[in-house]
Amino acid sequence: NAGVTQTPKFRVLKTGQSMTLLCAQDMNHEYMYWYRQDPGMGLRLIHYSVGEGTTAKGEVPDGYNVSRLKKQNFLLGLESAAPSQTSVYFCASSYRAGEQYFGPGTRLTVT
Amino acid sequence: KQEVTQIPAALSVPEGENLVLNCSFTDSAIYNLQWFRQDPGKGLTSLLLIQSSQREQTSGRLNASLDKSSGRSTLYIAASQPGDSATYLCAVPRAGTALIFGKGTTLSVSS
C-alpha cells in the first residue's frame, strides 16, 4: 500500500516552460487536493477534486490547471511557468471530507 | 473567513520535558481538526484527527484536545525525545473539504 505518491520529486524549469505534476493514490479516496507550501505563507490550496471528472478552484488557482480523469490520479499542470511558482507542491487525498493523507512533495524551481 | 494561528512559532526544550503546542481558529463551526508533523524537506504525516464530537484523541505519547467553543486545540507531547524535533501543523476543514493550515510550531528537543 503506497499511499499517496508524487512524480517527479524535483524539477527545474525555465520561465515559460510547461510541466505536469502527477499524484496517485491507492486508497480508493474520493477527494484529492493540490497544495503549495512557501516560506512564511504556509500551505495553501491550489485546486481540489471531490470525485472522478470533477475539479474546483482553491485559494491560489491562477496559473494552474488540473484534471481528474481517473479516481486514483490527480494531475496539476503549469502551462507557462513563472518564478512565482517556485514552491514545494503537495498532493493529498481523503475519504470524502475525513482525514487527509499527504504525498512526499515535489520541489519545483522556476528560473 | 477561517484563520488558524499556532503559538509559539518555535520552541526549544531539553529531552524528557512534557510540552504543549497551541492552535487557535476563528470559526468554531468545524467538524474536525487535524494535527500533522513535518520533518525538514519531507511531506506531512498525520498525527491525530479529532472529530468535533470528541474532546480528546490520544496516540502513544501524543494527546490532542479540542475546545470548539473557545476555538482552541492543544497538542500535548509527553516525555519529549530528540526524534520529536520537527514542525507541527494544525489544520481545520475549509467549507467542508480542503484544509486551512496554521503556520506551524517548530520544535527542537535537545539531548
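General observations
- 13 Å Cα-Cα reach of residue B:1 towards aspartates and glutamates, excluding residues that sit fewer than 8 places from it in its own chain: A:59, B:27
- Filtered GluC sites (Glu not before Pro), the range A:25-84: DSSP coil and at most 15 other beta carbons within 10 Å: A:52, A:59, A:79
- Restricting the trypsin sites (Lys or Arg not before Pro) of the range A:11-69 to loop positions (DSSP other than H, G, I, E, B) with no more than 10 neighbouring Cβ atoms within 10 Å leaves A:14.
- Rounded to the nearest 10 Å², the accessible area of residue A:18 at probe 1.4 Å: 70
- Environment charge of residue A:47, counting only residues whose C-beta is closer than 12 Å and scoring Lys/Arg +1, Asp/Glu -1: +2
- For chain A, the per residue solvent-accessible surface stands at 47 Å², with DNA, RNA and ligands left out and a 1.4 Å probe.
- Within the accessible area of chain A (1.4 Å probe), percent carbon and sulfur: 52
- For chain B, averaging the sequence separation of C-alpha pairs within contact (under 8 Å, six or more residues apart) and dividing by the residue count gives a relative contact order of 37 percent.
- Across the range B:99-108, coupling constants 3J(HN,Hα) worked out from phi with the 6.51/-1.76/1.60 Karplus curve, θ = phi - 60°, read 9, 9, 9, x, 8, x, 10, 8, 9, 10 Hz, and Gly and Pro carry x.
- Cross-link partners for residue A:71 among the aspartates and glutamates, with Cα-Cα distance under 20 Å and sequence neighbours closer than 8 places in the same chain left out: A:26, A:30, A:52, A:99.
- Chymotrypsin sites (Phe, Trp or Tyr not before Pro) lying in DSSP loop within the range B:16-111, provided at most 10 other Cβ fall within 10 Å: none
- When you restrict to C-alpha pairs under 8 Å that are six or more residues apart and normalise by the size of chain A, the relative contact order lands at 36 percent.
- A cut-off under 12 angstrom between Cβ atoms defines the neighbours of residue A:81, and their net charge, with Lys, Arg +1 and Asp, Glu -1, is +1.
- For the pair A and B, total buried accessible area rounded to nearest 100 Å², probe 1.4 Å: 1500
The values are calculated or read from the model by the stated rules, or taken from the named source; none is laboratory data. Since this is a predicted model, take the numbers as computed values, not measurements. Glycine gets a Cβ as well: all are built from the backbone with ideal geometry, and neighbour counts include every protein chain shown. In case anyone asks, the SASA skips ligands and DNA or RNA and just uses the protein heavy atoms, side chains included. Shrake-Rupley method; radii C 1.70, N 1.55, O 1.52, S 1.80 Å.
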